[in-house]
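K.L.:
One structure follows; several queries about it will come next.
The values are calculated or read from the model by the stated rules, or taken from the named source; none is laboratory data. Computed from a predicted structure; not experimentally measured. Note that each Cβ is placed from the backbone with ideal geometry, even for glycine, and that neighbours are counted across all protein chains shown. For accessibility, only protein heavy atoms count, side chains too; no ligands or nucleic acids. Shrake-Rupley method; radii C 1.70, N 1.55, O 1.52, S 1.80 Å.
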Amino acid sequence: MSEEVAIIGAGLAGLTLALALHQQGIKSTIYESRPAPLNIGGAVMLSPNALKVLDALDLYQAVRAKGFNFEELEMQKVDGELIEMYEFGSEEKYGFPGNRIYRFELIDIILGKIKELGIPTRFGTKYTRVLEETNDHVVWESADGNKHTASCLVGADGIHSTVRKYLYPDLVPRFTNMAGITAAVPTAPVKHLGKPITKPVTIISEQKGAFVIAPQRVDGSEALIGKQRRVEEMSREGWDRYIADKESLIKFMQEDAGAFGEVAMSSTKHIDPNKMNVWPFYVIPQLDKWASEGRRVVILGDSAHAIPPSAGQGINQAFEDVYMFALLLAASAAGRVDFQAALTFWQDYRQGRVNKVLDVNKQIDLRRLPKDQLKGVSAEGVAQQDFDLTWLYAPDFKADVEDWVKSHGAAA
């Protein structure tokens, strides 16, 4: 097959895919509807499974130097009693600590490498539809009326993916009636039981739910604080108005602060309205296929499996998608394996890991709920067993792909 890929979306998944393909000797062009790189507030949490991918793409040292590095997340009662601790990384066990980095800084790092390598990126080019799909190419149209041809078109355009409509014309993401309300605050005046915040902590109140605080910036001088709120779904204009009402958002962050103790009282005292975000939680059902019948149109990341943020795995799972897809596409392009079989293996492998992440998410969500919202949930549903996340943080994607190719390849 011809080695040229059209990538729709210049977010983290699309940009990283271009680098992964380049490393495998596969040409690609990135197309983004926005006129410039996405520059939204907020940070992302990167765990060892994703950092291993970034390291393989020669990005890790730059990421480590920009983000806040840590190894543990804790859930505590208001009085400081430890409910549980689970790893988000470990240099000793997995080779990488966890890293919390601003999304725009991560995009800048990846985009810098893309420019250095001369990978074409077309901003202001909006994908609209697939016009033709054959055995060896796909023709698609952009909003300016131009037609484009590629051997493969990859939708890395997020949970509200336009590319996904080609595979699932009627699928609409489902709103969970929950949104995360967050703010970025200086850590200097914030205290938790008289001590500074040095790692991500979730304070659990049986009556009021959860309050999250997580240091960010390389020196931990800033922290994200956040709470979840039940809300009704809104139109795009409605969400814009909701997000613009900073006074109401600040009031929500400050109300019931006393229920979460000193850390919430001190961190919500002086919130900068310009450093607030609202994150509506949308999900999509498990999809039967991540590729078209003709195999020339593929979706990945949030386009294929939107993961709620509870375990901080959304972007981490997208990086796994991207890296394995590039390895398998390269094996197919070299004639080592059938592309259809490779796509099936890729989706089955990746969906299996996504499903296990969703199980972890469910456990975390249940443990964060106020007591009165746990009615009808069995004791086993919120069992306080330790999280063993070795399966999540220590995969060897390259070895797994190579083992599969050797056993299913043309010479097998």
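K.L.:
Which pairs turn up if I take residues in segment 19-38 that are in the same structural domain as Y127 (by the TED database) and in a loop (DSSP other than H, G, I, E, B) and look for partners that are acidic (D, E) and open to solvent by 20 Å² or more (accessible area, probe 1.4 Å) with beta carbon separation below 6 Å, at least 6 apart in sequence or on another chain?
P.N.:
I26/E3
K.L.:
Would you say G98 is without any contact (Cβ under 8 Å) to a residue 60 or more places away in the chain and touching a strand residue (DSSP E or B) at 6+ places or on another chain (Cβ under 7 Å)?
P.N.:
On the way: without any contact (Cβ under 8 Å) to a residue 60 or more places away in the chain: yes; touching a strand residue (DSSP E or B) at 6+ places or on another chain (Cβ under 7 Å): yes.
Judged against the criteria, G98 is a match.
K.L.:
Quick one: which of R64, R103, R164 is of a type in the set (K, R), within 30 Å of L193 (Cα to Cα) and surrounded by 13 or more Cβ atoms within 10 Å (Cβ to Cβ)?
P.N.:
Values: R103 fails: within 30 Å of L193 (Cα to Cα); R164 fails: within 30 Å of L193 (Cα to Cα).
Only one candidate qualifies: R64.
K.L.:
A follow-up question, please. Pull out all pairs, ordered by first then second residue, where Cβ-Cβ is under 7 Å, the residues are six or more apart or on different chains, the first lies in segment 289-306 and is on the phi > 0 side of the Ramachandran plot, and the second is crowded, with 23+ Cβ neighbours inside 10 Å.
P.N.:
G301/A13; G301/A156; G301/A318; G301/D321
K.L.:
Still on this structure, I have one more. Kindly establish whether G80 is open to solvent by less than 50 Å² (accessible area, probe 1.4 Å) and within 25 Å of L117 (Cβ to Cβ). Before you say what the answer is, go through the steps one by one.
P.N.:
Numbers: open to solvent by less than 50 Å² (accessible area, probe 1.4 Å): yes; within 25 Å of L117 (Cβ to Cβ): no.
No: the conditions fail for G80.
K.L.:
Within segment 139-161, work out how many residues are open to solvent by less than 40 Å² (accessible area, probe 1.4 Å), assigned to a strand (DSSP E or B) and either free of Cβ contacts under 8 Å to residues at least 40 places away in the same chain or of a type in the set (G, A, S) (or both).
P.N.:
5
K.L.:
So the check is Cβ under 8 Å with 6+ separation or different chains; which pairs have a first residue in segment 119-137 that's of a type in the set (A, V, I, L, M) and a second one that's exposed (fewer than 13 other Cβ atoms within 10 Å of the Cβ) and in a strand (DSSP E or B)?
P.N.:
Correct list of pairs: L131/K147.
K.L.:
Just one of (1) at negative phi; (2) in contact (Cβ under 8 Å) with a residue 24 or more places away in the chain; (3) open to solvent by less than 60 Å² (accessible area, probe 1.4 Å) trips up D108, so point out which.
P.N.:
(3)
K.L.:
Right, here's the next one. Which condition breaks for P273 when tested against (1) loosely packed, with under 12 Cβ neighbours inside 10 Å; (2) in contact with a Lys or Arg (Cβ under 6 Å, 6 or more places away or on another chain)?
P.N.:
Here P273 clears every test but (1).
K.L.:
Return only the number of the condition from (1) part of a helix (DSSP H, G or I); (2) touching a residue at least 60 places away in the same chain (Cβ under 8 Å) that F281 does not satisfy.
P.N.:
The failed condition is (1).
K.L.:
I'd like to know if segment 293-305 contains one or more residues that are surrounded by fewer than 17 Cβ atoms within 10 Å (Cβ to Cβ) and closer than 30 Å to A333 by Cβ. First the steps, then the outcome.
P.N.:
In the first step, residues of segment 293-305 are kept if they are surrounded by fewer than 17 Cβ atoms within 10 Å (Cβ to Cβ); the result is 293-294.
Still in the list and also closer than 30 Å to A333 by Cβ: 293-294.
Yes, segment 293-305 contains a residue that is surrounded by fewer than 17 Cβ atoms within 10 Å (Cβ to Cβ) and closer than 30 Å to A333 by Cβ.
K.L.:
Something else about it: Which pairs do you get when a residue that is farther than 21 Å from P215 by Cβ and touching a residue at least 12 places away in the same chain (Cβ under 8 Å), found in segment 251-263, comes within reach of a residue that is among the acidic types (D, E) and surrounded by 15 or more Cβ atoms within 10 Å (Cβ to Cβ), reach meaning Cβ atoms under 9 angstrom, with the pair 6+ apart or on two chains?
P.N.:
Listed by first residue and then by second, the contacts come to nothing, as the list is empty.
K.L.:
While we're looking at this one, here's another question. Looking at (1) of a type outside the set (K, R); (2) open to solvent by less than 50 Å² (accessible area, probe 1.4 Å); (3) in a loop (DSSP other than H, G, I, E, B); (4) over 28 Å from V63 (Cα atoms), can you tell me which one M253 breaks?
P.N.:
The one condition M253 does not meet is (3).
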